[in-house]
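K.L.:
Provided herewith is a single structure, encoded as structure tokens, for subsequent inquiry.
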Amino acid sequence: MPGYVLLLHEPLDRFSELSPDQMQKIIERYESWSQELRRGGKLLDGRKLKDDGGRHLSERGRIVTDGPFSEAREVVGGFFLIQASGYDEAERLCRDCPHLEFGRIEIREIDEV
């Protein structure tokens, strides 16, 4: 069965104004959603990315810049790895993901080269 990466895009600083209680409730929703996928044998992994830092390489690694994108309006805040029979099933599995309230999900099939 093919693997898919779900890239969680969100506006920069989307969660910065939330209280700790509000953040905890959101985290619980993500945990519930991911546990449901895990029970169904669809979830392989998932992680939140750090809000700050990161590096970008370009020109064959000769130019290195810090940060996700200093001028970005949107960042990748995390990812999930799932198994699905195709894009249709991957989309169906994402439809009730809580992230859709905060941003968008990019679905990409993993190429096992």
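K.L.:
Mind checking which pairs have a first residue in segment 10-29 that is modelled with pLDDT under 90 and a second that is of a type in the set (A, V, I, L, M), Cβ under 7 Å, 6 or more apart or different chains?
P.N.:
Qualifying pairs under 7 Å: Glu10/Val75; Leu12/Ala72; Leu12/Val75; Phe15/Met23.
K.L.:
Let me ask something else about it. Among the residues of segment 46-67, are any of a type in the set (D, E, K, R), surrounded by 12 or more Cβ atoms within 10 Å (Cβ to Cβ) and either in a strand (DSSP E or B) or at pLDDT below 85 (or both)?
P.N.:
Looking for residues that are of a type in the set (D, E, K, R), surrounded by 12 or more Cβ atoms within 10 Å (Cβ to Cβ) and either in a strand (DSSP E or B) or at pLDDT below 85 (or both), one finds at least one in segment 46-67, hence yes.
K.L.:
A further question follows. (1) open to solvent by 60 Å² or more (accessible area, probe 1.4 Å); (2) at pLDDT 85 or above; (3) more than 16 Å from the chain's Cα centre (by Cα): which one isn't true of Glu71, the others all being true?
P.N.:
(2)
K.L.:
Go through segment 80-104 and give me each residue that's of a type in the set (A, V, I, L, M, F, W, C) and open to solvent by 30 Å² or more (accessible area, probe 1.4 Å).
P.N.:
Scanning segment 80-104 gives Leu81, Leu100.
The values are calculated or read from the model by the stated rules, or taken from the named source; none is laboratory data. Everything numeric in this text was worked out from a predicted model, so none of it was measured. Don't worry about glycine lacking a Cβ; one is built from the backbone with ideal geometry, like all the others, and counts go over all protein chains shown. Surface areas here come from the heavy atoms of the whole protein model, side chains and all, with no ligands, DNA or RNA. Shrake-Rupley method; radii C 1.70, N 1.55, O 1.52, S 1.80 Å.
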